[in-house]
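Participant: One structure coming up, written as structure tokens, with questions to follow.
The values are calculated or read from the model by the stated rules, or taken from the named source; none is laboratory data. Computed from a prediction, not measured in an experiment: that's the story for all the values here. Heads up, the Cβs are rebuilt from the backbone with ideal geometry, glycines too, and the neighbour counts pull from every protein chain shown. Each accessible area value is taken on the protein alone, full model and side chains, heavy atoms only, with ligands, DNA and RNA left out. Shrake-Rupley method; radii C 1.70, N 1.55, O 1.52, S 1.80 Å.
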Amino acid sequence: MDLEEAKEFKDRCSQCAAVSWGLTDEGKYYCTSCHNVTERSREVINTEAIPNTKIQAINRGLKRKRKLEKGWDWYVCEGFQHILYQQAKALQTLGVGPELKNEVLHNFWKRYLQKSKQAYCKNPVYTSRRKTTVLEDNPSHSDWDSEPELLSDLSCPSFVESGAESQPDVHTQKPFPIIKASQSETASVCSGSLDGVEYSLRKEKGIVKMTVPRTLAFCYLSLLWQRETLTLADLLRFVEEEHIPYINAFQHFPEEMKLYGRDKGIFAIESWPNYEDIYKKIIEVATFLDLPRFPDITEDCYLHPNILCMKYLMEVNLPDEMHDLTCHVVKVTGMGEVDFLTFDPIAKKGKTVKYDVQAVAVIVVVLKLLFLLDDNLEWSLSNIAEKYNEKNEEDKPWFDFRKWYQVMKTAVDEKKQKWEEARAKYLWKSEKPLYHSAIDRSVVYKRREMVVSLQKQFSTLVGSTPTVEKQSPSSFQFSWTEEGSDRTCFHGHSLQGVLKQKGQSLMTKNSLYWLSTQKFCKSYCKHVTTYEESNFSLSYQFILNLFSFLLRIKTSLLHEEVSLIEKRLFKAKYSTTKKKSSRSRKARKC
């Protein structure tokens with residue numbers, strides 16, 4: 001490397017704006033400040049001055065302009081399509097069938113482009129500039145895979161596969177204003193995408209604007225259509241464990257898709273996805289797309305409450321015998337019916353069932369039927385089970401609620417501590433720095449390199465590396481084995497201590513039951529009921545907190561689902577309560 005010979009090159013470095021150049025072995029200029037290698041190379045007459053270099057390599061960089069720095073012309077919807085593509089690939093890696101990416105999600109996205117007037121319609125939004133490159137009609141052509149040309153030049157109303165026909169937009173007002181060429185140039189200065197500025201300001205009535213959280217809504221709708229073995233809670237947990245791209249998903253964009261300015265507010269996410277928020281977005285997207293009734297959720301489907309109840313009974317280390325009771329509750333309440341479970345967005349009250357929340361709520365109801373959970377009966381039954389197990393060590397052990405509580409509390413506390421530590425240590429800053437304008441690019445990259453350098457120096461001094469082990473994906477968060485001496489497995493334990501024989505059927509020894517909600521909120525209220533911990537027993541609080549942590553949901557959401565199941569299970573009690581309240585009102589009027 002010869003610094004003297006490089007002095008004739010006076011251009012500023014595109015990374016750090018410094019003018020300090022050296023020559024590589026191949027004759028290319030590199031910045032001595034940030035070590036950025038350019039495509040420019042020095043004119044060389046004597047090739048012997050550069051060892052190990054062929055004559056064809058010299059001056060190659062002079063022919064190529066800064067295409068990479070300028071980047072492609074791209075639209076915001078193309079950025080979202082790239083995220084969907086990466087998420088679909090991740091789901092396929094987790095074991096989901098290829099049909100989800102190539103057919104279902106492909107068609108849902110085409111439908112969205114048509115409904116939002118971005119493609120597949122007579123008058124697409126982008127008419128004065130380059131047309132949006134959109135998906136090809138034939139998904140088998142792997143147009144998802146054609147990176148970086150992700151999306152093709154179509155503007156025809158051809159999407160009918162999801163049961164929704166394309167409608168001519170002769171009498172329909174264009175939802176987005178058409179931008180003139182001068183405006184486009186101004187917008188591209190403030191954002192890497194052509195429409196970043198106008199997209200961030202766009203607020204059109206009746207149009208569901210695409211966001212990064214809504215990409216998860218598209219993924220879940222595709223999973224639900226395929227009836228895959230993934231619940232919404234599992235999907236969000238895999239996102240949190242970084243098995244599915246979500247936080248800093250823009251890092252997977254091709255290098256030519258420059259992202260800065262207003263694009264930062266569109267694609268940068270600095271919070272974990274919330275169950276209730278994503279659930280609402282699922283309903284919004286499905287309603288906006290006018291999707292038809294989804295495939296039936298039958299008894300052999302993973303999302304059926306009978307199968308999910310078995311899964312969560314295994315997860316929280318409860319006896320297998322409880323599954324018969326959960327199935328009975330599902331049958332009596334009618335929650336196992338196909339019409340109740342199947343999602344139909346076109347229906348008047350179109351809402352999908354919270355399959356995972358509903359399943360754990362059924363288990364909570366069964367636990368209340370068996371043990372009452374009033375901070376009294378469950379401990380009395382535990383004393384009986386403990387005495388029986390001491391006297392009959394060789395027989396099948398009776399389920400001891402107290403012992404189970406101790407084992408689960410220790411396991412959950414350990415898991416929760418690790419989860420909180422992982423969240424606290426999470427680095428929200430992306431490896432690919434974001435900047436507000438092209439002018440700030442060199443400064444931001446310089447700062448990023450400085451931070452990385454300081455982190456490496458600090459980790460060297462401390463003697464540790466900041467790398468965090470990535471968990472392997474699993475449907476279960478807890479593992480219970482009979483061999484483990486420190487953690488008792490209760491799967492094979494008997495419920496004889498809490499059940500009694502009556503004729504040919506088994507009945508619970510406990511004949512009492514208290515309702516989680518005495519009075520439901522009115523229909524115009526946002527929530528069905530309220531939850532205050534101080535009003536409930538400690539056992540009930542522990543059970544709710546256990547399942548809420550398992551699904552990463554609010555305790556109030558689970559309490560609400562339990563109350564709704566009780567309303568279906570104890571119709572007589574609620575009807576009696578209503579009659580009493582109506583009589584008291586009449587008496588007051590008199």
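Participant: If packing is taken as the mean number of other Cβ atoms within 10 Å per residue, what is the order of 535-548, 555-568, 104-117, 392-405, highest first?
Facilitator: Highest mean packing first, the order is 104-117, 555-568, 535-548, 392-405.
Participant: Between residue 14 and residue 332, what FRET efficiency comes out of the Förster formula 1/(1 + (r/R0)^6) with R0 = 56 Å and r the beta carbon distance, rounded to 0.05? Don't skip to the end; give the middle numbers.
Facilitator: On the way: r = 70 Å, r/R0 = 1.25.
Efficiency at R0 = 56 Å is approximately 0.20.
Participant: What FRET efficiency comes out for residue 475 versus residue 207 if R0 is 51 angstrom and r is the Cβ-Cβ distance? Round to the nearest 0.05.
Facilitator: Numbers: r = 37 Å, r/R0 = 0.72.
Between residue 475 and residue 207 the formula returns 0.90.
Participant: Taking the full set of protein chains and a 1.4 angstrom probe, give the accessible area of residue 371 in square angstrom, rounded to the nearest 10.
Facilitator: 0 Å²
Participant: Right, another one. Quick one: net charge around residue 506, please, counting Lys, Arg +1 and Asp, Glu -1 for every other residue with C-beta under 13 Å from its C-beta. Display every interim value, and only then the final one.
Facilitator: Values: positive: 500, 502, 509; negative: 321, 324.
Charge balance near residue 506 sits at +1.
Participant: May I ask you to list the trypsin sites (Lys or Arg not before Pro) in the stretch 324-391 that are in a DSSP loop and have at most 10 other Cβ atoms within 10 Å of their Cβ? Numbers along the way, then the final one.
Facilitator: Details: sites: 331, 348, 349, 351, 354, 368, 387, 391; in loops: 348, 349, 351, 354.
Filter output for the stretch 324-391: 348, 349.
Participant: If you plug each phi of the stretch 396-405 into the Karplus form 6.51 cos²θ - 1.76 cosθ + 1.60 with θ = phi - 60°, what whole-Hz ³J(HN,Hα) values come out, in order, with x for Gly and Pro?
Facilitator: For the stretch 396-405, the Karplus-derived couplings read 5, x, 7, 5, 9, 4, 5, 5, 4, 4 Hz, x marking Gly and Pro.
Participant: So, one more: Residue separation times 0.36 nm, minus the C-alpha to C-alpha distance between residue 73 and residue 425: what's the value? Could you put the intermediate results ahead of the total?
Facilitator: Numbers: separation 352, 0.36 × 352 = 126.72 nm, distance 3.65 nm.
Length difference between fully extended and current span is 123.1 nm.
Participant: Separate question: Tell me, what is the FRET efficiency for residue 568 and residue 290 to the nearest 0.05, using R0 = 35 angstrom and their Cβ-Cβ distance as r?
Facilitator: Working: r = 30 Å, r/R0 = 0.86.
Once rounded, the FRET efficiency stands at 0.70.
Participant: Please report the net charge: other residues with Cβ closer than 13 Å to the Cβ of residue 536, K and R +1, D and E -1. Please list the in-between numbers first.
Facilitator: Values: positive: 368; negative: 374, 375, 532, 533.
It works out to a net charge of -3.
Participant: Could you calculate the contour length gain from residue 518 to residue 418, that is, 0.36 nm times the residue separation minus the distance between their Cα atoms, to one decimal place in nm? Intermediate results must be reported in sequence, preceding the final value.
Facilitator: Numbers: separation 100, 0.36 × 100 = 36.00 nm, distance 3.74 nm.
This chain segment gains 32.3 nm when fully extended.
Participant: Order the following by accessible area, largest value first: 72, 379. Probe radius 1.4 Å; ligands, DNA and RNA are ignored. Don't skip to the end; give the middle numbers.
Facilitator: Numbers: 72 90, 379 65 Å².
Most to least solvent-accessible, the answer reads 72, 379.
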